[in-house]
1. Could you tell me which numbered condition Glu68 fails, if it satisfies all but one of (1) more than 10 Å from the ligand (Cβ to nearest atom); (2) part of a helix (DSSP H, G or I); (3) surrounded by fewer than 18 Cβ atoms within 10 Å (Cβ to Cβ)?
2. Being without any contact (Cβ under 8 Å) to a residue 24 or more places away in the chain and over 16 Å from Asp147 (Cα atoms) is the filter here, so list the residues in the range 319-338 that pass it.
3. Here are some conditions: (1) touching a helix residue (DSSP H, G or I) at 6+ places or on another chain (Cβ under 6 Å); (2) away from the ligand (no atom under 11 Å from the Cβ); (3) under 25 Å from Arg205 (Cβ atoms); (4) not basic (Lys, Arg). Gly116 meets all but one. Which one does it not meet?
4. On the basis of being surrounded by 19 or more Cβ atoms within 10 Å (Cβ to Cβ), over 30 Å from Thr378 (Cα atoms) and at pLDDT 95 or above, does Leu175 make the cut?
5. Given the structure, is Leu28 assigned to a strand (DSSP E or B) and either touching a residue at least 24 places away in the same chain (Cβ under 8 Å) or among the hydroxyl-bearing types (Ser, Thr, Tyr) (or both)?
6. What is the number of the single condition among (1) under 22 Å from Tyr111 (Cβ atoms); (2) in a loop (DSSP other than H, G, I, E, B) that Pro49 does not meet?
7. If only one of Gly379, Gly330 is in contact with a His (Cβ under 8 Å, 6 or more places away or on another chain), among the small types (Gly, Ala, Ser) and in a loop (DSSP other than H, G, I, E, B), which one is it?
Amino acid sequence: MSMPSLINILPAVARKAPETPEEVAAVLAEARRLDRRVVVFSTGHGIPPIGDTSDRILMDISAFDQVEIDPAARIARIGGAVQWRELIEAAGEHGLTAPFGSAASVGVTGYMMGGGIGFMSRHLGLGCSSIRAAQLVTPDGQYRRIDSGSDPDLFWALRGGGGGFGVITSLEVNLTPVPQMAGGVLAWGIEDAERVLTVWSEWSRQAPEDVTTAVRLVQPPEGPALAVVVATAPRPAGQLSADLGPLISLNPMLNTISNTDPAAFLNEYTDPEIDTTEPPHAFEHVLLDTVTPQAAQLAAEFGQPATGCGAIMVEIRHLGGALARPAPGGGAMDRIEGEYSLFLMGPPEAAEKMAHAADVLSDFGRGRTYLNFMQRRTGRQTAYPEETIGRLADLYEAVDPEGLLDHPHPIVRRSRLAV
Ligand SMILES: Cc1cc2nc3c(=O)[nH]c(=O)nc-3n(C[C@H](O)[C@H](O)[C@H](O)COP(=O)(O)OP(=O)(O)OC[C@H]3O[C@@H](n4cnc5c(N)ncnc54)[C@H](O)[C@@H]3O)c2cc1C
């Protein structure tokens, strides 16, 4: 589905498609005159938590789509609407990459505003930690370049603080060489889900620091339900296969672990497009500290087609590794506290059962969440430490005192924090 059709489906007072920073500033000024809030729209993937947009001005930033790679400096300069596929393919031509997510069509900027957990995260860390500078138009209409020297506070907030500090027209992103990469999937019939989850969770406790894996119990629209392990590592396939030994010895019916590169891997294993014009899906997410044999058994039961919770995907991602270490000089989100991420997706009619499943499994964590996987507005108290919330709230008061920019996960302002 092309983006213009999606943005045209969302109700709005007005749609604007600025092509220059000056035009962005003009849209913001017009919104203020009309007393309307503005929603920045790049791909629309992150819009669902905003809900009703009918009294908002939708700002389509798709004109900001340039990708420029400086291989010598290992930097990418990208427009605010660039998607992961475009950046990873361009960087890949120079043997470089950035901490990409699991969907090729997600916007790099929107992803990084919420942190960014992806297919190589235990090796590459959070997406937002790779931001080195941003050019943005702040709600007062000023066009500014922000880096660690020019405005340390705003620079801190832009790295994982949840967005809403301005309209980002371009980002400068640090790139990392990946001379070698292996990846692929192992798949079993869904009846093996408990065995796979139990062995995987035990294995994951000792897994090498830079091997990133996730288990997905999936029920595709056609074909059999499967238990799938997705795996990547920055080394040859033979070595990754050896790392995955305990899982491979469970005799998967499919084993595609092979030498690859980030662009090829992302194109092959990207998440399916979610058609946001369809009735809304149901989503649940919570971070977990552990996946015990009991948790594995419960998750496997919830993922069964006939008797489970109705989700079409029950996913547990292994976090830790570089995600757990504070990024040097990191921003508002500089690590993830939680060893695993649970994510469920299903049809609206499964919402109640899925909420129950997530609630049961949340006993294996501390109720923490990760912003990008929260598909409804739930506040940020579970996603950030209190001190970070306070600092972000102060910055919102300073940068956008009227709340001109609406965004998926607004923060409770400091004046209302105690309420
Ligand atoms: C299929 C799918 C897979 C996903 N996989 C992952 C994953 O692996 N890891 C992960 O961490 N997240 C993942 N996400 C979540 C995703 O990162 C967030 O939904 C993110 O907000 C999407 O950004 P977007 O620009 O694509 O979406 P949009 O809906 O266009 O933008 C969402 C919001 O981000 C902000 N924003 C975006 N661009 C700009 C800009 N240039 N300037 C200012 N604000 C901006 C705005 O507040 C905007 O309203 C996934 C989402 C989907 C739908």
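The values are calculated or read from the model by the stated rules, or taken from the named source; none is laboratory data. None of these values were measured; they are calculated from a predicted model. Ideal geometry is used to build each Cβ from the backbone, glycine not excepted, and the neighbour counts take in all protein chains shown.
1. Just one mismatch for Glu68, condition (2).
2. Once the filter is applied, which keeps residues that are without any contact (Cβ under 8 Å) to a residue 24 or more places away in the chain and over 16 Å from Asp147 (Cα atoms), the range 319-338 yields Ala324, Pro326.
3. It is condition (2) that Gly116 fails.
4. yes
5. For Leu28, the condition - assigned to a strand (DSSP E or B) and either touching a residue at least 24 places away in the same chain (Cβ under 8 Å) or among the hydroxyl-bearing types (Ser, Thr, Tyr) (or both) - is not met.
6. It fails just one condition, (2).
7. One residue alone meets the criteria, Gly379.
This table checks each residue for (1) buried (at least 24 other Cβ atoms within 10 Å of the Cβ); (2) more than 20 Å from the chain's Cα centre (by Cα); (3) of a type outside the set (D, E, K, R).
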| site | (1), (2), (3) |
| --- | --- |
| Thr53 | no, yes, yes |
| Met59 | yes, yes, yes |
| Ala63 | no, yes, yes |
| Arg85 | no, no, no |
| Ala90 | no, yes, yes |
| Glu93 | no, yes, no |
| Pro99 | yes, no, yes |
| Met112 | yes, no, yes |
